[in-house]
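Just below is one structure, and these are the notes that go with it.
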Amino acid sequence: MSKPAYDRVLLKLSGESLLGKLSYGIDFRTTQAIAQEIKEVQALGVQIAIMIGGGNIFRGVRGTDEGVERVSADQMGLLATVMNGIALQDALEKVGVMTRHVSAVEIKAIAEPFIRRRVIRHLEKNRVIIFSAGLGSPYFTTDTAAALRALEIKAEAILKATKVDGVYSADPLKDAGAKRFHRIRYIEVLKRGLEVMDATAISLCKDNKLPIIVFSLKKRGNIQRAVMGEDIGTTVY
Ligand code: UDP
């Protein structure tokens, strides 16, 4: 069998990836299925850190739309990611994967604080890291947090799991003529305003030459395919 393309990756899971068929909250079956996939990838010898989003429960901008102050709304969003982190940790442990939940907001009874060297040590000991609470500061997204943490822990790529199988020239759900890019430069993503990750995250990856592999989580086994370097989505480089 061929070798994985990466030794250490940062997997960005949006909160939506835990929705399953629900329109709100956490679908535990879906979470369990993702955990099983992560276990299979880890069995290949790949070190995995996950940045978990919170959009399935709460997004800061939604709060501000309804008149909540932005910082308060983002704090609620941050806590939503911590809930998802707990769910994911539980699911991973159920399939026998050792984990450490690391929150950027101090919440000692639930998760460890972020200490870079300690996190790297966990990874070396084959513990899956679940990062929650983004960067712990408002006005950021978990995409930007994913980019920063990936750099800090020296991940070789960000695996950005989404609903669509890559980056398209237009919204494939609305435009039948939309084409999928196999590879696209960071600058093109920024110029065209393509919805891959927010501009702060893309810029950080661009400045530090950190590749982003965008792929669909809907097809089972895709995390493994992405790690093996198969052409299943779009590489932003
Ligand atoms: N958030 C924040 N700072 C961060 C990361 C996240 O304030 O560093 C808040 C923000 O309100 C965001 C919410 O947490 O809307 C959930 O994160 P995100 O929208 O990135 O989740 P995803 O879209 O990946 O599910």
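The values are calculated or read from the model by the stated rules, or taken from the named source; none is laboratory data. Since we're looking at a predicted model, the values are computed, not measured. Glycine also receives a Cβ, built like all others from the backbone with ideal geometry; neighbour counts cover every protein chain displayed. Note: accessible area is taken over every heavy atom of the protein model, side chains too, but ligands, DNA and RNA are not part of it. Shrake-Rupley method; radii C 1.70, N 1.55, O 1.52, S 1.80 Å.
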Set of aspartates and glutamates with alpha-carbon distance to K174 below 18 Å, sequence-local pairs under 8 removed: D165, E195
Accessible area of the chain belonging to carbon and sulfur atoms, whole % at 1.4 Å probe: 51 percent
Proximal lysines relative to K191, as straight alpha-carbon distance under 16 Å, when same-chain residues fewer than 8 apart are discounted: K206
Table column - 3J(HN,Hα) (Hz), the stretch 157-163, Karplus curve with 6.51, -1.76, 1.60, x for Gly and Pro: 7, 9, 9, 9, 7, 9, 8
Probe 1.4 Å, protein heavy atoms only - accessible area per residue of the chain in square angstrom: 49 Å²
Cα-based Rg / Dmax (Å) for the stretch 1-141: 15.3, 55
Alpha carbon centroid spacing (whole Å) that separates the stretch 182-200 from the stretch 9-50: 24 Å
For T99, distant residues with modelled amide H under 5 Å away: V128
Where Rh is the Kirkwood radius over Cα pairs, Rg/Rh for the stretch 79-133: 0.95
Scaled radius of gyration (Cα, divided by 2.2 N^0.38 Å) that the chain gives: 0.95
Amide proton proximity set for T162, modelled H, under 5 Å, gap of 5+: F215, S216, L217
Mean Cα-pair separation over length for the chain, i.e. relative contact order, pairs under 8 Å, 6 or more apart, %: 22 percent
Candidates A109, A146, A201, ranked by Gaussian network fluctuation over the chain, Cα under 10 Å, top entry: A109
Counting all C-alpha pairs of the stretch 71-205, share separated by more than 22 Å (%): 46 percent
Most fluctuating residue given options F131, F114, F215, as computed from a GNM of the chain linking Cα atoms under 10 Å: F114
222 nm mean residue ellipticity, helices alone, for the chain (DSSP H n ≥ 4; -39,500 (n - 2.57); rounded to 500): -11000 deg cm²/dmol
Inter-site label distance for E152 and D231 at 7 Å from Cα along Cβ, in nm: 3.6 nm
Table column - 3J(HN,Hα) (Hz), the stretch 113-127, Karplus curve with 6.51, -1.76, 1.60, x for Gly and Pro: x, 7, 10, 3, 5, 5, 4, 4, 4, 4, 4, 4, 8, 6, 8
Global size of the stretch 22-75 as Cα Rg and Dmax, reported in angstrom: 15.8, 47
Inter-probe distance in nm under a simple model that places probes 7 Å from Cα toward Cβ, at R192 and V71: 3.9 nm
